[in-house]
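The values are calculated or read from the model by the stated rules, or taken from the named source; none is laboratory data. Being a predicted model, the structure only gives us computed values, none of them experimental. Cβ placement follows ideal geometry from the backbone for every residue including glycine, while neighbour counts extend to all protein chains displayed.
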Amino acid sequence: MSSYQKNKLRINNIYKSFDDILVIDNVSLELKEKEFVSLLGPSGSGKSTIFNIIAGLISPDEGKVFIEGKDFTGKTGRVSYMYQKDLLLPWKKIIDNVSLPLVVKGMGKKKARENVQGYFNIFGLEGFEYKYPFQLSGGMRQRAALMRTYMFSEDIILLDEPFGGLDAITRRKMQDWLLEVLHSLEASILFITHDIDEALLLSDRIYILSDRPAKVKAQIKVDLPKPRGNEIITTSKFNQLKKNIMNML
Ligand SMILES: Nc1ncnc2c1ncn2[C@@H]1O[C@H](COP(=O)(O)OP(=O)(O)OP(=O)(O)O)[C@@H](O)[C@H]1O
């Protein structure tokens, strides 16, 4: 990624404790325009807490969140955020689930439906607009949840382990799909994962986090060619990067 890219998001020297237990220990990171950056670290290290701080849902004890240079510490509504278990509402049709962000922002239901219609093709859900969540496969439900997140229309998207609950085969398909769809979505993405392959396949850069309390152990630039396909996983460059990361974790 080139250096002329604008900085979208930066968090500086964040600290957070819960009940006197330090969870985030001086974490700083940044995300540039249209960059895909992963946070890779062990379970329970504090990754979701970092996202909650970026989204303004919780305030850090120390440190600041800047979005496009403006102080957004403790302020919500500026980023699109998909939680680890961001479920669709079972009683609403897919089209109404995904247009929910627009309705929340005050748009009428009919207009909101019209607005989201054009995205069903991109998200691989054409023909399923008027189905209910239970009528979709796990991968399709996950794409619908991603589509809903995208409909918040913010240019910064936080994805907390979006493929965590899927079986290995569906997960690989979803990664391929996300790589394709990223070309048409002009977003800057922060992505949480425990999966080294997934981080390497998708990211421009990876922050390696430590066990609790979370610290940034290292930052890795993933200089693998793009667009990336499945075959990249067997290249020596990919395996070298993977080995480096495994040694750090
Ligand atoms: N509101 C809270 N009150 C008390 N403790 C909390 C709170 N939120 C998080 N924690 C604790 O902070 C630590 C980090 O949690 P967090 O969910 O951020 O980790 P994580 O890296 O996202 O984990 P995972 O990948 O398993 O979801 C955990 O030990 C958790 O128990």
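Return the residues of the stretch 200-222 that are of a type in the set (Val, Ile, Thr) and either free of Cβ contacts under 8 Å to residues at least 60 places away in the same chain or assigned to a helix (DSSP H, G or I) (or both); say none if nothing qualifies.
Of the residues in the stretch 200-222, the ones of a type in the set (Val, Ile, Thr) are 206, 208, 216, 220, 222.
Ile220, Val222, listed by residue number.
Answer yes or no as to whether Ala144 is within 16 Å of the ligand (Cβ to nearest atom) and outside any strand (DSSP E or B). Judged against the criteria, Ala144 is not a match. When residues in the stretch 170-199 are screened for being under 16 Å from Gly124 (Cβ atoms) and assigned to a helix (DSSP H, G or I), 13 of them pass. Within this structure, Lys110 passes the test of being modelled with pLDDT of 95 or more, away from the ligand (no atom under 16 Å from the Cβ) and surrounded by fewer than 18 Cβ atoms within 10 Å (Cβ to Cβ).
Restricted to the stretch 46-75, and to residues that are among the polar types (S, T, N, Q) and within 16 Å of the ligand (Cβ to nearest atom), which residue is farthest from the chain's Cα centre (by Cα)?
To start, the set of residues in the stretch 46-75 that are among the polar types (S, T, N, Q) comprises 48-49, 52, 59, 73.
The next check asks that each one be within 16 Å of the ligand (Cβ to nearest atom); those that pass are 48-49, 52, 59.
Details: Ser48: 11, Thr49: 14, Asn52: 12, Ser59: 20 Å.
Across the stretch 46-75, the extreme among qualifying residues is Ser59.
From the list Asp211, Asp176, Asp167, the lone residue that is among the charged types (D, E, K, R) and closer than 17 Å to Val37 by Cα is Asp176.
With respect to Ile122, determine if the residue is aliphatic (A, V, I, L, M) and modelled with pLDDT of 95 or more. Even if it seems obvious, please write down each step before you answer.
Details: aliphatic (A, V, I, L, M): yes; modelled with pLDDT of 95 or more: no.
For Ile122, the condition - aliphatic (A, V, I, L, M) and modelled with pLDDT of 95 or more - is not met.
Of all residues in the stretch 1-45, those satisfying the criterion of being within 16 Å of the ligand (Cβ to nearest atom) and among the charged types (D, E, K, R) are Lys16, Asp19, Asp20, Asp25.
Scanning the stretch 26-43 for residues that are crowded, with 19+ Cβ neighbours inside 10 Å and part of a strand (DSSP E or B) yields Val27, Leu29, Leu31, Lys32, Phe36, Val37, Ser38, Leu39, Leu40. Scanning the stretch 48-97 for residues that are acidic (Asp, Glu) and either crowded, with 17+ Cβ neighbours inside 10 Å or under 20 Å from Glu30 (Cβ atoms) (or both) turns up Glu62, Glu68, Asp71, Asp96. All conditions but one from (1) outside any helix (DSSP H, G or I); (2) in contact (Cβ under 8 Å) with a residue 24 or more places away in the chain apply to Pro225; the one that does not is (2).
Would you say Ile122 is at negative phi, of a type in the set (A, V, I, L, M), in a loop (DSSP other than H, G, I, E, B) and within 16 Å of the ligand (Cβ to nearest atom)?
Values: at negative phi: yes; of a type in the set (A, V, I, L, M): yes; in a loop (DSSP other than H, G, I, E, B): yes; within 16 Å of the ligand (Cβ to nearest atom): no.
No: the conditions fail for Ile122.
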